[in-house]
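Quick notes on the structure that follows.
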C-alpha cells in the first residue's frame, strides 16, 4: 500500500484510513512502537496490552483502600 507523507499542522504525517487500521487491529488512541532500521526502513508495531486478572485487581484495590482508609473517611 502506497501512502504519501502530508503536512499536518507544523508536522508531517501519514494518514491511516479505517481499512488499514482495521487490518492492523489498531484504533485511535492505541500506543504503537515506531522503529527506524538501517537503510531507513520504518516499522510501526502495536504495543502489547497488559492484562490484569480480576483477583489481582481486587487484592490491589483492597490494599489501597486499607492503606488510605483515613483519607477516604475524611473525603466522604
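Where a number appears in this text, it was derived from the coordinates with a stated rule and is not lab data. This one's a predicted model, so the numbers in the text were calculated from it and none came from an experiment. Here Cβ is always computed from backbone atoms with ideal geometry, including for glycine, and neighbour counts include all displayed protein chains.
Details
- Principal-axis tilt of helix 54-67 within the chain, Cα atoms, nearest 10 degrees: 50 degrees
- Length-normalised contact order of segment 6-75 in % [C-alpha pairs under 8 Å, at least 6 apart]: 15 percent
- Taking packing as the residue-averaged number of other Cβ atoms within 10 angstrom, the listed peptides 32-43, 13-24 run from highest to lowest as 13-24, 32-43.
- Tail weight of P(r) past 19 Å, computed on alpha-carbon pairs of the chain, percent: 63 percent
- Value at 222 nm in deg cm²/dmol, rounded to 500, when DSSP H runs of n ≥ 4 in the chain each add -39,500 (n - 2.57): -10000 deg cm²/dmol
- Equivalent ellipsoid semi-axes, segment 2-41, via Cα gyration tensor eigenvalues times 5, rooted, Å: 18, 16, 12
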